[in-house]
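Contents: one structure, followed by commentary.
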Amino acid sequence: MKNRFGATHELGVFEMVDKGLEEVLNPSELFMSNQEENVPGVATIVACEGTRPLVVELQSLVSPTSYSSPRRSTTGIEYNRLLQILAVLEKRVGIPLSKLDAYVASSGGLNVGEPAADLGIAVAVAASFRDRIIDPELVLIGEVGLGGQIRPVSQMELRLKEAAKLGFKRALVPKGQKRGGMGMAVTEVGRVVDAIALLWPLLPNTSRRNLLNKLNKKQMGDSYQALLKLRYELGGR
């Protein structure tokens, strides 16, 4: 439907009812599940279609492959973008995904093509790999670079307002994009590995200290990334 007096990048959402077309006042509800039980590998992002922010649920599943080459499948997410994020998770975070199938889908099949979804995809994949539940009151916003850094995105204030309106309490955003007065706890992160470490501390403090002692003997630098790699070497997840 084209509004000849409206902006070309503006998005309106309507549904067909018995009396004709009706506007959907809160389109974000179409792209969020109403599951009573939280499941691993589900993350929430805020995507922008034109100037309209939409809260979208992303679902990820990581499982051992039965083939020589692991499968990668996407629904609503750009395929090449997923491959790039998987490569970053393996190289920069240390998650061994090269022998695992990976599936990522957006709820409702909405096409999410903007880079602001990258952080949500990365965290959802990591959560599925570790079989962890992401806080259902958390939204993730940020572009992931090839070096594992989280880059700023546009319209941050608009995105946070939409999330706060729907009752979300926390947000992870790129460094330098923290906004106050939203009624949310907004946390800045600079790298994907920092976001994962913030959401799920790897081990209890005592076990972490013991492994860090081993890391120091191995002269490994980055603490959390090295901790992940060492734990995989020891056969744990």
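The values are calculated or read from the model by the stated rules, or taken from the named source; none is laboratory data. Predicted model only: the values in this text are computed from it and were never measured. Note that we place each Cβ from the backbone using ideal geometry, even for glycine, and neighbour counts take in every protein chain shown.
Quick notes on this one:
- Taken together, the criteria exclude Leu58 from residues that are surrounded by 13 or more Cβ atoms within 10 Å (Cβ to Cβ), part of a loop (DSSP other than H, G, I, E, B) and at pLDDT 90 or above.
- Lone qualifier among Thr44, Thr74, Thr65 - being of a type in the set (Ser, Thr, Tyr), surrounded by 13 or more Cβ atoms within 10 Å (Cβ to Cβ) and out of contact with any helix residue (DSSP H, G or I) (no Cβ under 9 Å at 6 or more places or on another chain): Thr65
- Scan of segment 36-55 for residues that are out of contact with any strand residue (DSSP E or B) (no Cβ under 6 Å at 6 or more places or on another chain) and either charged (D, E, K, R) or outside any loop (DSSP other than H, G, I, E, B) (or both), ordered by number: Glu36, Glu37, Cys48, Glu49, Arg52
- Counting the residues of segment 137-157 that are surrounded by 21 or more Cβ atoms within 10 Å (Cβ to Cβ) and closer than 17 Å to Arg81 by Cα gives 6.
- Evaluation of Gly12 against (1) of a type outside the set (Val, Ile, Thr); (2) at pLDDT below 85; (3) more than 19 Å from Gly109 (Cβ to Cβ) (one fails), failing number: (3)
- Enumeration of residues in segment 179-193 that are charged (D, E, K, R), surrounded by fewer than 19 Cβ atoms within 10 Å (Cβ to Cβ) and farther than 11 Å from Ile141 by Cα: Arg179
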